[in-house]
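A short worksheet on the structure shown next.
Each value in this text was obtained by applying a stated rule to the coordinates, not by laboratory testing. Since the structure is predicted, the reported quantities are computational estimates derived from the model, not experimental observations. Positions of Cβ are generated from backbone atoms using ideal geometry, with glycine treated the same way; all protein chains shown enter the neighbour counts.
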Amino acid sequence: MQTDPLIDIYFRQLRIWNEELTVLRKIVWTNGLTEVCKWKHPCYTWQDKNILMLGSFKQHCSIMFFRGAALSALVVMIVPVDCLSECLSAMDHINQ
């Protein structure tokens, strides 16, 4: 995976949601997407097209998909079956 040093800085500076977003980042890393910094947030691309973005906000963190019409194909690509339990555990932690 190609990573962006600005994203490493972004994660080091997170005051909240660091653990949750780090889990999501690791899941995304397993899929060969390119990590870039866009709009001051981690953005993941495939063949120079935006696929998803991670965000940290006061009340929530988010994973935002750019191509909603292709969401089912994206989820299969981004969240491999062997990572689903880790992803669901992270989501349970977020909802607590």
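What's the local net charge at Leu6, with K and R +1, D and E -1, over the other residues with C-beta under 13 Å away? Mind showing how you got there, number by number?
Details: positive: Arg12, Lys38, Lys40; negative: Asp4, Asp8, Glu35.
Computed value for this residue: 0.
Net charge near Ile51, counting Lys/Arg +1 and Asp/Glu -1 over other residues with Cβ under 13 Å of its Cβ?
Details: positive: Lys38, Lys49, Arg67; negative: Glu35, Asp48.
Surrounding charge for Ile51 is +1.
Would you mind computing, in nm to one decimal, how far apart the modelled labels at Ser62 and Leu6 are, each placed 7 Å from Cα along Cα→Cβ?
Using points 7 Å along Cα→Cβ, the separation is 2.0 nm.
Using θ = phi - 60° and the Karplus relation 6.51 cos²θ - 1.76 cosθ + 1.60, list the HN-Hα couplings for the range 30-37 in order, rounded to whole Hz, with x at every Gly or Pro.
The phi angles translate into 6, 10, x, 7, 8, 8, 9, 9 Hz.
Mind ordering 42-48, 12-18 by average Cβ neighbours within 10 Å, highest first?
Working: 42-48: 17.0, 12-18: 12.0.
The most tightly packed comes first, giving 42-48, 12-18.
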